[in-house]
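Visitor: The structure follows.
The values are calculated or read from the model by the stated rules, or taken from the named source; none is laboratory data. On a predicted model such as this, the values are computed, not experimentally measured, just so you know. FYI the Cβ positions are ideal-geometry reconstructions off the backbone, even for glycines, and counts take in every protein chain you see. Accessible surface areas use protein heavy atoms only, side chains included; no ligands, DNA or RNA. Shrake-Rupley method; radii C 1.70, N 1.55, O 1.52, S 1.80 Å.
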Number of protein chains: 2
Amino acid sequence: MQKEVSQAVIKRLPRYYRYLEHLKNNGISKVSSGRLAEMLDITASQVRQDFANFGGFGQQGYGYDVEKLLKEFSSIIGLDISHNMIIIGAGNMGRALCGYKGFKQDGFNVLALFDLKDGMTDSGLPIYEIDKLEDFIHNNRVDIAVITTQASVAHEVVCQIVELGVKSIWNFAPVDLEVPSDVVVENISMSESLYVLSYKMKQNVNINEE
Amino acid sequence: MQKEVSQAVIKRLPRYYRYLEHLKNNGISKVSSGRLAEMLDITASQVRQDFANFGGFGQQGYGYDVEKLLKEFSSIIGLDISHNMIIIGAGNMGRALCGYKGFKQDGFNVLALFDLKDGMTDSGLPIYEIDKLEDFIHNNRVDIAVITTQASVAHEVVCQIVELGVKSIWNFAPVDLEVPSDVVVENISMSESLYVLSYKMKQNVNINEE
């Protein structure tokens, strides 16, 4: 049933979750679709349409129960289970990611990093030689492989990882990865984001010049 | 006129640019809207609608001229001019960003990084004490400030930067920034991307279990 959910709705899920968490942390127990709409900069009817994708969550009386809704989103996003990650590439980006405290709070645990030689991160995580990847994946439950290598080797590394049975790739390398249909890929593209900023800057200049 | 362009179209601009660059690098001089649509996983009519936002680019005969179209997109995105950047926060993320070769090729030049104390990156870029920010911005043209600080200090830093006249912020800190309406912000949210991956993983599992 959930297979039909549009990309736009999927992209909004994290934002719903984040705002609900914010409301809960501020002791707010009820929220209207209007308030959620305002926070996400969409319409209240869009919020209700979004929620309809997941069964509607049964709004009662003056609004949704924040804690219940947060639990629903946590389950939809998959934050109610823990995920084990490995990071391929122990350069600055790989190290930056394993230093993010937010991931652990959400149940994403970095088990190890892999690079050309053995080592350790500042926070004490092991860095293994890439040759040890196969053994590691056989001996540990690896849910997500994070790719922070150079673009030139990313594809080769991903082929190997997929062959070893990892089904989810979080890709920071500036390259389009080809994977089998049962493997999930999410890309973070720095240059695409920078291009959007650049576009907005140019428009801003145009507006100012009018 | 370009102010009305939708967020969805803006998000596709970098991908058009990237694919056109790919075509040019492969010696392909003509491209149809159908082929572009295929590459972007949208419909050909959507491509033509997208292009209509920018005057249509006058498709002739068997397709668009790749080189001309690339030039148009380069100008629309603002890649035909150079941009000076400073990076606030010389931790792993800041250092990872200043090591990205792609930025320089696109005319985005990192002038310096700022952190708690003076130093230098592996690639020889200066790191200045944050106290020197004001002097630096007065003496250099800074187009973009990249925020890679902890969330807790990001807002304070951005207030200072905006007061000093910088109009564009590329934000990697996990926090919503409030800025005046003439300041442009583009956020990269690691956790939102990870949540989307997590959601897709969960759906994948559901599909497999059916």
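Visitor: For the stretch A:1-111, what does the equivalent ellipsoid look like in terms of its semi-axes, each the square root of 5 times an eigenvalue of the Cα gyration tensor, given largest first in whole Å?
Guide: Details: eigenvalues 175, 50, 34 Å².
After scaling each eigenvalue by five and taking roots: 30, 16, 13 Å.
Visitor: Can I ask one more? Sort out for me the Cα centre separation of the stretch A:138-193 from the stretch A:15-30, rounded to whole Å.
Guide: 32
Visitor: How big a patch of accessible area, both sides summed and in Å² to the nearest 100, lies buried between A and B at a 1.4 Å probe? Numbers along the way, then the final one.
Guide: Working: alone 13540 and 13540 Å², together 21240 Å².
Counting protein atoms only, the buried area is about 5800 Å².
Visitor: Using a 1.4 Å probe on the protein chains only, how many percent of the accessible area of the stretch B:1-99 belongs to carbon and sulfur? Write out the running numbers ahead of the final one.
Guide: Values: 2240 of 4960 Å².
On the stretch B:1-99, the fraction of accessible area on carbon and sulfur atoms equals 45 percent.
Visitor: How many partner chain Cβ atoms sit within 10 Å of a residue's Cβ in peptide A:172-180, on average, as a whole number?
Guide: Other-chain Cβ atoms within 10 Å of each residue's Cβ, averaged: 1.
Visitor: Just counting partner chain Cβ atoms within 10 Å, what average do the residues of peptide A:89-95 show around their Cβ?
Guide: Working: counts 0, 0, 4, 12, 7, 2, 5.
Counting Cβ atoms of other protein chains within 10 Å of each residue's Cβ and averaging gives 4.
Visitor: Grab the alpha carbons of the stretch B:54-210, take their convex hull, and tell me the volume per residue in Å³. Can you show the working numbers first?
Guide: On the way: hull volume 30.5 nm³, N = 157.
Roughly 194 Å³ of hull volume per residue.
Visitor: I would also like to ask the following. Given the rule -39500 (n - 2.57) for each run of at least 4 DSSP H residues, summed and divided by the residues of chain B, what is its mean residue ellipticity at 222 nm, to the nearest 500 deg cm²/dmol?
Guide: Working: 9 runs with 100 residues, N = 210.
Theoretical 222 nm ellipticity from helices: -14500 deg cm²/dmol.
Visitor: If you bin every alpha carbon distance in the protein assembly as shown into 10 Å steps from zero, what whole percent lands in each bin?
Guide: 4, 19, 28, 29, 17, 3, 0
Visitor: Please give the average number of partner chain Cβ atoms lying within 10 Å of the Cβ of each residue in B:183-191, rounded to a whole number. The partial results should precede the final answer.
Guide: Values: counts 1, 10, 2, 9, 2, 7, 5, 8, 9.
For this peptide, the per-residue mean of nearby foreign Cβ atoms is 6.
Visitor: Also: To test your reading of the geometry: what angle, between 0 and 90 degrees and rounded to tens, separates the Cα axis of helix B:7-25 from the longest principal axis of chain B?
Guide: In chain B, helix B:7-25 runs at an angle near 70 degrees to the longest axis.
Visitor: What is the dipole size for the protein assembly as shown, taken about its Cα centre, with +1 at each Lys and Arg Cβ and -1 at each Asp and Glu Cβ, in debye to the nearest 20?
Guide: Working: 40 positive and 54 negative charges, 144 e Å.
With only Lys, Arg, Asp and Glu charged at Cβ, the dipole is about 700 debye.
Visitor: Also: Which value in nm describes the separation of the simple spin-label points at B:Glu163 and A:Phe54, placed 7 Å from the Cα toward the beta carbon?
Guide: 4.0
Visitor: List the chymotrypsin sites (Phe, Trp or Tyr not before Pro) in the stretch B:44-88 that DSSP assigns to loop (not H, G, I, E or B) and whose Cβ has at most 12 other Cβ atoms within 10 Å. Which are they? List each step's numbers first, then the result.
Guide: Details: sites: B:Phe51, B:Phe54, B:Phe57, B:Tyr62, B:Tyr64, B:Phe73; in loops: B:Phe54, B:Phe57, B:Tyr62.
In loop regions of the stretch B:44-88 (DSSP not H, G, I, E or B), the sparsely surrounded chymotrypsin sites (Phe, Trp or Tyr not before Pro) are B:Tyr62.
Visitor: Another question, if that's okay. What are the ³J(HN,Hα) values, in whole Hz, obtained from phi via the Karplus relation 6.51 cos²θ - 1.76 cosθ + 1.60 with θ = phi - 60°, for each residue of the stretch A:153-166 in sequence order, with x given for Gly and Pro?
Guide: 10, 4, 5, 4, 4, 5, 4, 4, 5, 5, 4, 7, x, 6
Visitor: Quick check: the distance between the Cα centres of the stretch B:64-118 and the stretch A:78-130, to the nearest angstrom?
Guide: Taking the Cα centre of the stretch A:78-130 as reference, the centre of the stretch B:64-118 is 27 Å away.
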